[in-house]
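Here the structure is laid out as structure tokens; the discussion comes afterwards.
The values are calculated or read from the model by the stated rules, or taken from the named source; none is laboratory data. Just so it is clear, the model here is predicted, and its values are computed rather than measured. Here the Cβ positions follow ideal geometry from the backbone for every residue, glycine too, while neighbour counts run over all protein chains shown.
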Amino acid sequence: MSAEEKQHDRMASRLAIIISRLLMGERLSVTRLSQEFRISERTLRRDFRERLSCLELTYQQGCWSLAHQHECLRTNRHILHFARVTRTEQLFPAMDNRLISVLTDSSVEPPFIVWQSPPERKPGPFGSFWRITQAILERTLLDLTAEGQQYRWFAPYRLIYFENGWYLVGEYARQLQVFLLESITDVCLTPRQFLRRRQIDALTADPHFIRSLPHFQYLRKVLTDTETQG
């Protein structure tokens, strides 16, 4: 292989690595890439401005990245966040890039099966589940009917899935409240917003609290009856 061919081969390899990392959502610094590939920053600037001109790139604060219209691409960072939210990361020795590569490779037979019991009644694609989700994201108060009773100005904090059921955790009349999602028959968004309390936010992530969700209404009734009798 001639010197010119070797140079072209190195350039092709370098560009392939850069494109791969851009598609993974990375922001690439010319200075760091210069040290990594042991080439001049001038050569790298030419890579981005000329050789990669077919890509829609943006340059901010000394770093190159894909433009905004490519934000729909999902990276390993997004997958790791999803694993943390759904608590699937605790099922594996380590949720790293190697494992993600195995889990997302559709060309091979999956080496794992993760079985979770589905909810007794799966939420539909429309209706209360997504209205509640919207209210949680926008911190909007709800008017809802649960277990045959109306709750006006209900502040929703989290939807939590535990032991075959979805639970809505929120605040009503300055008190913590929990409803089984299937017991909610009517949900309306209101124009009013609310401020989340840190204590309730922390409580919804507490494993002890989550394990108590199926018994919340019973415990509340017992405590209320005890206070009344006292």
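Kindly indicate whether residue 39 is β-branched (Val, Ile, Thr), part of a helix (DSSP H, G or I) and surrounded by 11 or more Cβ atoms within 10 Å (Cβ to Cβ). Judged against the criteria, residue 39 is not a match. In the stretch 163-178, is there at least one residue being exposed (fewer than 11 other Cβ atoms within 10 Å of the Cβ), within 23 Å of residue 84 (Cβ to Cβ) and not aromatic (Phe, Trp, Tyr)? There is no residue in the stretch 163-178 that is exposed (fewer than 11 other Cβ atoms within 10 Å of the Cβ), within 23 Å of residue 84 (Cβ to Cβ) and not aromatic (Phe, Trp, Tyr). Scanning the stretch 85-104 for residues that are modelled with pLDDT of 85 or more, of a type outside the set (A, V, I, L, M, F, W, C) and in a helix (DSSP H, G or I) gives 89, 90. Being modelled with pLDDT under 90 and of a type in the set (Ser, Thr, Tyr) holds for only one residue in 2, 34, and it is 2. Within the stretch 82-89, at least one residue is loosely packed, with under 10 Cβ neighbours inside 10 Å and under 30 Å from residue 206 (Cβ atoms). Scanning the stretch 151-209 for residues that are within 18 Å of residue 140 (Cα to Cα), small (Gly, Ala, Ser) and at pLDDT below 95 gives a single hit, 173. Can you name the condition, by its number, that residue 50 falls short on among (1) at pLDDT 85 or above; (2) surrounded by 10 or more Cβ atoms within 10 Å (Cβ to Cβ); (3) in the same structural domain as residue 30 (by TED's automatic domain parsing)? It fails just one condition, (2).
Only one residue in 158, 152 is in the same structural domain as residue 203 (by TED's automatic domain parsing), under 22 Å from residue 209 (Cβ atoms) and not in a loop (DSSP other than H, G, I, E, B). Which one?
Within the list 158, 152, the selection yields 158.
Among the residues making up the stretch 130-147, those that are surrounded by 15 or more Cβ atoms within 10 Å (Cβ to Cβ) and within 17 Å of the chain's Cα centre (by Cα) are 132, 135, 136. Scanning the stretch 140-150 for residues that are of a type in the set (D, E, K, R) and at pLDDT below 95 yields one hit, 147.
Any residue in the stretch 107-119 that is surrounded by 14 or more Cβ atoms within 10 Å (Cβ to Cβ), among the hydrophobic types (A, V, I, L, M, F, W, C) and not in a helix (DSSP H, G or I)? No, that holds for no residue.
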